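Here's the structure we're looking at; comments come further down.
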Amino acid sequence: IPSPMFDHRHHDFLTPHGPAQFDERLATFARQAGLLGERRACAVLSNAMHCPAELMTITEEYGTQAPATVPEVLTRGHGNAQDAAHVAVAFLRQIGMPARYVSGYWCGWGAAKPRTHAWVEGFVPSVGWVGIDPSERQLVGEAHVALSVGRSQLDVPYHSRVHRGAPEEQIRNQLSIQRSHQLTQLGQPLHPRNVDSRLPVNLLLADRSVHAHLLD
């Protein structure tokens, strides 16, 4: 995306921050995917959605320790949803698309209960922020309940605390969802006819519905 299309509001989402650090392996993936001359935003977002799973094994466990950097995650070869989101954020920023980290809950199709989760939003000038979930490899839809956005997990931790002595802690959360209008079945991936084999036509976000042809 030409840099004149961005302003000061996008600067923080184009540079490394905290765990979301650049890595040559992301550049290699972009070259192999043919993205260096790619002009279709849908192709870029689709590859960003699949990039972490191609480079690492993604687990469902939530990390309670300080998040690892993208180079560390790629070297060890596995990580959780938060790690996958950092990889996708770094990937998009490294090739010039503003990206932000989103923390929240996922109550996907067939899930026993909501779980803490993280995903990514990439900025497309003609559309706005488009959500992708690299750990579930689907577009962000009604199964995703966002709490906050930031440059990385360091901006939007689920909780922060200061301990003295030998602390013990337990976190409990409860999420209640009420359907306000008829959409797809809760959390079921959206798969109507495709623009390409991996990016559905309807990009369903919490505040708007757009179409993938606007991303071309």
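What to note about this one:
- Antiparallel content of DSSP bridges confined to the range 1-127, in %, to 5: 80 percent
- Fraction of accessible area attributable to carbon and sulfur, the range 1-63 (%, probe 1.4 Å): 50 percent
- Under the combined filter of DSSP loop state and at most 10 neighbouring Cβ atoms within 10 Å, the range 134-177 retains these trypsin sites (Lys or Arg not before Pro): ARG161, ARG164, ARG172.
- Heavy-atom accessible area for HIS163, with the other protein chains in place and a 1.4 Å probe, reaches approximately 90 Å².
- Applying 0.36 nm per residue to the separation of ILE177 and LEU36 and subtracting their alpha-carbon distance, the gain on full extension is 46.7 nm.
- Between HIS8 and THR75, the modelled labels are 3.7 nm apart [label points 7 Å from Cα along Cα→Cβ].
- Per residue value of the accessible surface for the range 1-158 (all protein chains in place, 1.4 Å probe), Å²: 43 Å²
- Values of log10 I(q)/I(0) for the range 61-167 across q = 0.15, 0.16, 0.23 Å⁻¹ run -0.64, -0.72, -1.33, by the Debye formula with one identical scatterer at each alpha carbon and no solvent.
- Prolate/oblate/rounded call for the range 1-75, Cα gyration tensor, a/c under 1.5 rounded: oblate
- Here is the P(r) of the range 114-176: all C-alpha pair distances, binned every 10 Å from 0, give 15, 41, 28, 12, 4, 0 in whole percents.
The values are calculated or read from the model by the stated rules, or taken from the named source; none is laboratory data. The model shown is predicted, which means the values in this text are computed figures rather than measured ones. Here the Cβ is made from the backbone with ideal geometry for all residues, glycine too, and neighbour counts use every protein chain on show. Each accessible area value is taken on the protein alone, full model and side chains, heavy atoms only, with ligands, DNA and RNA left out. Shrake-Rupley method; radii C 1.70, N 1.55, O 1.52, S 1.80 Å.
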